[in-house]
Amino acid sequence: MDILTSHSPAWLAGLVLALVVTGAIAGVLAGLLGVGGGIVIVPVLYHLFTLLGIDESVRMHVTVGTSLATIIPTSIMSSRAHRRRGSLDVSLIRRLMPGVVVGVVLGAIASRYLGGGVLTAVFAVVALAVALNMAFKRDGFALADGLPGPAGTALIGTGIGGVSTLMGIGGGTLSVPILNALRVPMHTAVGTGAMLGMVISLPGALAFVVNGLGVPLRPPLSLGYVNLLGMALIVPATMATTGWGARLAHRIDARRLRQVFALFLALTSARMLAGLLS
């Protein structure tokens with residue numbers, strides 16, 4: 001507990017406030033964009049753990065594991081809210097789920113052997129690529145009409161599951177632009193992405209718990225690579241605000257929703273790349 005006791009009560013109060021605010025913002029984004037909140041949680045946790053002096057060898061792993069754990073309840077609430085509003089396509093989930101599960105397993109195995117710098121680079125580069133796509137994609141642009149055949153759909157699902165697990169995000173970050181490029185309506189893509197977040201976060205978080213058991217230099221109150229303190233502060237705030245985001249999503253047109261999504265991804269990527277290069 002030296003990491004926590006070495007700081008003043010005022011500093012610790014600021015840490016608690018930062019985590020709660022992070023959870024609140026993540027909850028709104030989970031409902032609004034179907035991204036599970038991880039796109040906000042990951043960079044904030046990474047910088048907070050840096051301030052706390054968490055060793056670089058485990059910092060990103062704990063960040064990703066904790067983010068995946070916090071996404072579980074958020075994605076459940078977000079997907080339920082979108083389903084009530086008719087923006088969750090169950091048939092898409094059924095087609096994508098086998099590949100997504102395979103991708104989560106592959107991502108979890110890879111995370112055991114990849115260093116923190118690699119995980120950070122994966123997050124930053126993929127987030128920037130998605131942001132650029134969402135910001136500059138022409139209206140009406142589409143790669144195809146609907147998902148491809150079984151093999152292509154399995155490949156898409158595996159990529160979404162694997163990369164999302166390595167990034168510590170719920171899957172909407174990748175599934176929303178991909179589904180939208182396949183002529184899936186934006187609001188349906190967001191709702192479907194929220195459900196995929198649940199499919200990814202639960203096994204992904206469990207894998208990071210197992211991978212981190214007994215690993216030295218982890219922050220206090222951690223179960224494997226999942227920090228229980230961060231989870232305890234973030235989850236209630238995300239659960240309280242997810243419904244707000246889902247309601248807001250149905251009051252914003254698809255173009256504005258895409259712009260908001262791209263803006264947050266670009267800001268997140270810039271922050272992570274700056275930290276990686278410094």
Exercise. Could you tell me which numbered condition Ala129 fails, if it satisfies all but one of (1) more than 23 Å from Arg247 (Cα to Cα); (2) touching a residue at least 40 places away in the same chain (Cβ under 8 Å)?
Key: (2)
Quiz prompt | Filtered residues of the range 155-176 (kept if in contact with a Phe, Trp or Tyr (Cβ under 8 Å, 6 or more places away or on another chain) and in a helix (DSSP H, G or I)) | solution = Leu166, Met167, Val176
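Does the range 113-129 contain any residue that is at pLDDT below 80, closer than 21 Å to Thr22 by Cβ and touching a helix residue (DSSP H, G or I) at 6+ places or on another chain (Cβ under 9 Å)? Spell out how you get there, then give the answer.
Step one: of the range 113-129, the residues at pLDDT below 80 are none.
No: zero hits.
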Quiz prompt | From the options Val125, Val130, residue that is surrounded by fewer than 17 Cβ atoms within 10 Å (Cβ to Cβ) and either farther than 21 Å from Leu88 by Cα or in contact with a strand residue (DSSP E or B) (Cβ under 9 Å, 6 or more places away or on another chain) (or both) | solution = Val125
Exercise. Inspect all residues belonging to the range 137-154 and state whether any of them is modelled with pLDDT under 85, in a loop (DSSP other than H, G, I, E, B), touching a helix residue (DSSP H, G or I) at 6+ places or on another chain (Cβ under 6 Å) and surrounded by 22 or more Cβ atoms within 10 Å (Cβ to Cβ).
Key: no
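Looking only at helices (runs of 4 or more DSSP H) that fall completely inside the range 12-129, which ones have 3 or more residues that are of a type in the set (D, E, K, R) and closer than 21 Å to His250 by Cα?
Working: elements: 38-51, 56-84, 90-113.
Filter on the range 12-129 gives 56-84.
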Exercise. May I ask you to list the residues in the range 32-55 that are closer than 21 Å to Leu128 by Cα and either more than 11 Å from the chain's Cα centre (by Cα) or modelled with pLDDT under 75 (or both)?
Key: Leu32, Leu33, Gly34, Val35, Gly36, Gly37, Val44, Leu45, Tyr46, His47
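Do we find a residue being loosely packed, with under 13 Cβ neighbours inside 10 Å and either touching a Ser or Thr at 6+ places or on another chain (Cβ under 7 Å) or more than 23 Å from Leu263 (Cβ to Cβ) (or both) anywhere in the range 94-110?
Applying the first criterion (loosely packed, with under 13 Cβ neighbours inside 10 Å) to the range 94-110 yields 94.
Filter once more, so that each one left must be either touching a Ser or Thr at 6+ places or on another chain (Cβ under 7 Å) or more than 23 Å from Leu263 (Cβ to Cβ) (or both): 94.
Yes, there is a match, as at least one residue in the range 94-110 is loosely packed, with under 13 Cβ neighbours inside 10 Å and either touching a Ser or Thr at 6+ places or on another chain (Cβ under 7 Å) or more than 23 Å from Leu263 (Cβ to Cβ) (or both).
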Practice problem: Would you tally the residues in the range 177-210 being buried (at least 24 other Cβ atoms within 10 Å of the Cβ), closer than 11 Å to Ala108 by Cα and hydrophobic (A, V, I, L, M, F, W, C)? | Solution: 3
Quiz item: What tally of residues in the range 216-234 results from selecting those that are closer than 30 Å to Ser87 by Cα and surrounded by fewer than 22 Cβ atoms within 10 Å (Cβ to Cβ)?
Solution: 2
Quiz item: Exactly one of (1) touching a residue at least 40 places away in the same chain (Cβ under 8 Å); (2) more than 27 Å from Asn133 (Cα to Cα); (3) loosely packed, with under 15 Cβ neighbours inside 10 Å is unmet by Leu213. Its number?
Solution: (1)
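The values are calculated or read from the model by the stated rules, or taken from the named source; none is laboratory data. What you see is a predicted model, and the numbers here were worked out from it, not measured in a lab. So basically every Cβ, Gly included, is an ideal-geometry build from the backbone, and we count neighbours across all protein chains shown.
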